[in-house]
1. If you go through region 412-423 one residue at a time, how many are within 20 Å of the chain's Cα centre (by Cα) and open to solvent by less than 60 Å² (accessible area, probe 1.4 Å)?
2. Collect the residues in region 149-184 that are aromatic (Phe, Trp, Tyr) and either under 17 Å from Phe17 (Cα atoms) or surrounded by 14 or more Cβ atoms within 10 Å (Cβ to Cβ) (or both), keeping them in residue-number order.
3. Enumerate the pairs (first residue in region 313-341 and more than 15 Å from Glu270 (Cβ to Cβ) and modelled with pLDDT of 70 or more; second residue anywhere and assigned to a loop (DSSP other than H, G, I, E, B) and aliphatic (A, V, I, L, M)) with beta-carbon separation below 7 Å, excluding pairs fewer than 6 apart on the same chain, so at least 6 apart or on different chains.
4. Return a yes/no flag: does region 185-193 have any residue that is surrounded by 17 or more Cβ atoms within 10 Å (Cβ to Cβ) and either in contact with a Cys (Cβ under 8 Å, 6 or more places away or on another chain) or modelled with pLDDT under 90 (or both).
5. Assess whether Ala87 counts as being under 17 Å from Thr16 (Cα atoms) and over 20 Å from the mean Cα position of the chain (by Cα).
Amino acid sequence: MLFDWAAQPFFTIVTTFIFGPYFVSRLAEDPAQGQAVWTFGIAAAGLVIAVLSPILGSIADQTGPRKPWIAIFAVVKIAALFALWNAEPGANLFLIVSIFALAMVSAEFSIVFNDSMLPRLVSKEGIGRVSNIAWGLGYLGGMIMLIVVVAFLAASPDTGKTFLGFDPLFGLDPAKAEGDRITGPLSAVWYFIFVLPMFLFTPDSGGRRKISQAVSRGLTELKTTLIEARQRAGIFRFLVARMIYQDGVNALLALGGAFAASMFGWLTAEIGIFGIILNIVAIPGCFAAAWLDTRFGSKWVVTVSILLLFVATLGIVSTGPGYTLFGLLALPGADTGGLFGTPAEKAYIAYGLLIGLAFGPVQASSRSWLARSVTEDEAGRYFGLYAFAGRATSFLAPFLIGVVTSITISQRAGMAVILIFLLVGFLIIRTTPYPADNPQE
């Protein structure tokens, strides 16, 4: 569980709410160009993750222990996150997004090996509870880091003060966006400290084969697993469905904050408060999903979560100054001048609450759905395929968003692409058996 606590701040303050929006809206000269470059970087990282995750998972099954793999990628991730400090205004966009992509690849590979430990550590009955609680703890850790950044580190370039009216700690210069750039090193330090209990106290699998033998055997096993997964119709359908809906979820998480920053002119404080609000909802959402997963099953949680995310995304892309739902609902009222002062911003927050409720459970219960569907001995290779399914087309949604944004010069049109992925994933998951390897459904 502490692994999720350690890992989540990277996704919260770097990918979604602080560094990503800074990259799109301030580091880039034009927000549309920034969104295009950012999404292309995410797409490139997703392609690497998709290709290598199944291979690494199969090799890990043969070597046995998962911790050495997590340690290797932790070193790479931490180094890349420290390098994000160099993303000062005027820096090369492609160099910075490449460093971010390296951190993202390392983070996702670590998750493959962490998740594959679940079937050995937890009974099938308890997997959904543990997975959702761990995800909730992750959001709690991410929210704590977000509060620290917004309250004490990231200051407005206009006033030089943080959201609470303080001078930023450590003498961080708002004009150089140092409060935004420090999120990389900060999440690296957090990850290093809080991943240590997993290394020290969580039991690992015993050694099986030397690495050279494991690579050869793992590649052979991967080929067998790919053929086998195709023959296990339920698992195959589950992986295809997740491949599609997770693509939409990833794009929504990566771009939701940046989209709001560009549409409403939000700075770091507003985006950070938006993120805190989402996490305040997400934490009890995950804890509630832990009970719902045990009571109704992972499939029920995943299906309802995708539906909520579709409704929320539709609301977000249909909201603009003075209206929502593509103008069908007017939002009259003047800007009060305070935080989220326009009616459109308040509507955006309301849709964001739905995202907060759903985006943790859809991922945590997807993880428990697969863990309930495979055995301990095959967990590594199937969680490698699981990561593959989460990233196989993960370059596609960001790529299509980037293309549509570039062609239309409209971030709104680009974000609407997410709806297609969520809808198709929902339709497929509805007909997927639970557990996924259950031939009777």
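1. Result for region 412-423: 8.
2. Matches in region 149-184: Phe152, Phe163.
3. Hits for this filter: Val317/Ala416; Gly322/Leu331; Thr324/Leu331.
4. no
5. yes
The values are calculated or read from the model by the stated rules, or taken from the named source; none is laboratory data. Computed from a predicted model, the values in this text were never measured in an experiment. Note that we place each Cβ from the backbone using ideal geometry, even for glycine, and neighbour counts take in every protein chain shown. Calculation scope for accessible area: heavy atoms of the full protein, side chains included, ligands and nucleic acids excluded. Shrake-Rupley method; radii C 1.70, N 1.55, O 1.52, S 1.80 Å.
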